[in-house]
Amino acid sequence: MQRNPAQLKKSVRSTRPAIARSIRVIPIESDRGKLDFGGACHRLFKRLDVFLGGISAQWRSDARQKLKVMVLWRHNQLDPFKGSRPTFENIDVAGLSFHRAKGLEADYTILLDVSEGDYGVPSKIEDNELLNLVMPRPEIFEYAEERQLFYVALTRASRGVFLLTNSEEPSRYIRELSEIAGDNLRSESIDGEPLRQCPACRVGQIVERRGRNNRRFFGCTQYPICDHTLPLT
């Protein structure tokens, strides 16, 4: 948000100790051209429930039997609950849109479809065309309102946030977060396995690939947008 020259400059500091690697980026692979963010979300619920159960002595008390996990989405068609929320031993789950999340807080948040695209983040779909008619002036900084909305969603968590993104078209905000957060941002699979972030584009992952003559090397998953390569060691 501070990259917007019209934004008031603020220095925000938390009163709680920082938690290392509190921002997790999870690329989701498409299955026959379809991205199942709902299914990935439910797998992440189960993973969190097991993990938090294993460290329950660190957080559970008579007044606090479960931790709160809040799922947030930019557009309502991403709602993973479909009217029915699952129950778990160690977490309470809830979900709502970015707009409705302002002022709320959870222990963990899961942001769905933090990707490029019309219905991604930033969204390229106008929520209300009439709104533009009454706005005092158009946005000068690109996606200024969308950037503020994403900031609201990103800052609802006190312990950690998971960004589920299209592996082929991650949001431009992921690169910006990587530049700002440094080592506090981690790329991982839906099951928690660490992924090797591309040092060049900062949104792709370094994986083993095969080139001409069946030559093996390490390359970025964002190829051809990013052509960064590394030799096998």
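Please count how many residues of segment 181-229 are charged (D, E, K, R), buried (at least 16 other Cβ atoms within 10 Å of the Cβ) and assigned to a strand (DSSP E or B). Reasoning before the result, please.
Of the residues in segment 181-229, the ones charged (D, E, K, R) are 183, 186, 188, 191, 193, 196, 202, 208-210, 212, 215-216, 227.
Still in the list and also buried (at least 16 other Cβ atoms within 10 Å of the Cβ): 186, 188, 202.
Among the residues that remain, those that are also assigned to a strand (DSSP E or B) are: 186, 188.
Within segment 181-229, residues that are charged (D, E, K, R), buried (at least 16 other Cβ atoms within 10 Å of the Cβ) and assigned to a strand (DSSP E or B) number 2.
Could you give every pair whose Cβ atoms fall below 9 Å, whose first residue belongs to segment 204-217 and is in contact (Cβ under 8 Å) with a residue 60 or more places away in the chain, and whose second residue is of a type in the set (Gly, Ala, Ser) and not in a strand (DSSP E or B), counting only separations of at least 6 or pairs across chains?
The qualifying pairs are 205/167.
Select from segment 65-76 the residues that are farther than 21 Å from residue 118 by Cα, assigned to a strand (DSSP E or B) and either in contact with a helix residue (DSSP H, G or I) (Cβ under 9 Å, 6 or more places away or on another chain) or modelled with pLDDT under 95 (or both) and list them in ascending order. Working first, answer last.
Within segment 65-76, the first condition is being farther than 21 Å from residue 118 by Cα, and the residues that meet it are 65-70.
Retained after the next criterion (residues that are assigned to a strand (DSSP E or B)): 67-70.
Selection gives 67, 69, 70.
Test residue 100 against the stated conditions and say whether it is part of a helix (DSSP H, G or I) and of a type in the set (Lys, Arg). Spell out how you get there, then give the answer.
Details: part of a helix (DSSP H, G or I): yes; of a type in the set (Lys, Arg): yes.
The answer is yes for residue 100.
Considering only residues that are open to solvent by 90 Å² or more (accessible area, probe 1.4 Å) and over 23 Å from residue 164 (Cα atoms), look in segment 116-130 and name the one that is modelled with the highest pLDDT.
129
Could you grab me the full set of residues in segment 41-64 that are open to solvent by less than 100 Å² (accessible area, probe 1.4 Å) and not in a helix (DSSP H, G or I)?
Selection gives 55, 59, 60, 61, 64.
Working only within segment 62-117, note down all residues that are under 17 Å from the mean Cα position of the chain (by Cα) and acidic (Asp, Glu).
Across segment 62-117, the qualifying residues are 79, 105, 107, 113, 116.
Filtering segment 149-180 down to residues that are among the aromatic types (Phe, Trp, Tyr) and open to solvent by less than 20 Å² (accessible area, probe 1.4 Å), which residue is nearest to the chain's Cα centre (by Cα)? Write out each step before concluding.
Taking segment 149-180 and keeping what is among the aromatic types (Phe, Trp, Tyr), we get 150-151, 162, 173.
Retained after the next criterion (residues that are open to solvent by less than 20 Å² (accessible area, probe 1.4 Å)): 150, 162, 173.
Numbers: 150: 10, 162: 5, 173: 9 Å.
By that ranking, first place goes to 162.
Among the residues of segment 77-98, which ones are surrounded by fewer than 18 Cβ atoms within 10 Å (Cβ to Cβ) and out of contact with any helix residue (DSSP H, G or I) (no Cβ under 7 Å at 6 or more places or on another chain)?
Matches in segment 77-98: 77, 79, 81, 82, 83, 84, 85, 87, 92, 94, 96.
The values are calculated or read from the model by the stated rules, or taken from the named source; none is laboratory data. Note that the structure is a prediction, hence the values are computed from the model and not measured. So basically every Cβ, Gly included, is an ideal-geometry build from the backbone, and we count neighbours across all protein chains shown. With ligands, DNA and RNA removed, areas are computed over all heavy atoms of the protein, side chains included. Shrake-Rupley method; radii C 1.70, N 1.55, O 1.52, S 1.80 Å.
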